[in-house]
1. Identify, from the list Lys106, Lys77, the residue that is modelled with pLDDT of 90 or more and within 18 Å of Cys42 (Cα to Cα).
2. Can you tell me how many residues within segment 31-76 are over 15 Å from Cys100 (Cα atoms) and touching a Phe, Trp or Tyr at 6+ places or on another chain (Cβ under 6 Å)?
3. Assess whether Thr66 counts as being under 27 Å from the mean Cα position of the chain (by Cα), open to solvent by 70 Å² or more (accessible area, probe 1.4 Å) and farther than 17 Å from Phe17 by Cα.
4. Restricting attention to segment 21-59, and to residues there that are of a type in the set (S, T, N, Q) and either crowded, with 16+ Cβ neighbours inside 10 Å or free of Cβ contacts under 8 Å to residues at least 12 places away in the same chain (or both), which single residue is nearest to Gly105 (Cα to Cα)?
5. I need the full set of residues from segment 1-20 which are surrounded by 19 or more Cβ atoms within 10 Å (Cβ to Cβ) and of a type in the set (A, V, I, L, M), in order please.
6. So Arg138 ticks every box in (1) open to solvent by less than 70 Å² (accessible area, probe 1.4 Å); (2) touching a strand residue (DSSP E or B) at 6+ places or on another chain (Cβ under 7 Å) but one. Which box is left unticked?
Amino acid sequence: MAGSAEMASLEESFRKFAIYGDTKATGQEMNGKNWAKLCKDCKVIDGKSVTGTDVDIVFSKVKGKTARVINYEEFKKALEELAPKRFKDKSKEEAYEAICQLVAGKEPINVGVTKAKNVGAVERLTDTSKYTGSHKERFDETGKGKGKSGRENIVDNSGYVSAYKNAGTYDAKVKK
């Protein structure tokens, strides 16, 4: 390897791919899915000399018999296994160096991730200014929800029936 900076960069890439997609991952061990993603994202898989199958076979070879994950040392061994296959024209050491340069400093990329987009119907259905009836009462003028006060009927303890026009006029009539 060229130096400790490149080794640190390689280890950093290992950790980033190891935790990708797993909230409980510590970054110390990488599963087969993330290993395949690393190889695909870092262009180790070229479709000709190294395929997805080759990557899976190498992963199975370097991990322990009952293990489902590889650590950083096994990861380096896996790269050593793939290097001569990916770079056939180079010596084993040069090929390993070249494959490490492919991986070093890379991060998982989110290609093909679905973005949320508003379609006409969704826009129309979520526009609170067009709500009518009891639904309209759940939002203020700005379209922001009122929360619990918009959902609950507030109890009127005035003694009058609801919607009575002359509510609150009794005291005025009695005093006369």
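The values are calculated or read from the model by the stated rules, or taken from the named source; none is laboratory data. Remember, it's a predicted structure, so these values are computed and weren't measured experimentally. Every residue, glycine as well, gets a Cβ built from its backbone with ideal geometry; the counts of neighbours run over all protein chains shown. Keep in mind that these areas ignore ligands, DNA and RNA; they rest on the heavy atoms of the full protein, side chains included. Shrake-Rupley method; radii C 1.70, N 1.55, O 1.52, S 1.80 Å.
1. None of the other options fit; the residue is Lys77.
2. 3
3. Judged against the criteria, Thr66 is not a match.
4. Residue satisfying both the conditions and the ranking: Asn34.
5. Within segment 1-20, Leu10, Ala18 qualify.
6. Only one criterion is unmet by Arg138, namely (1).
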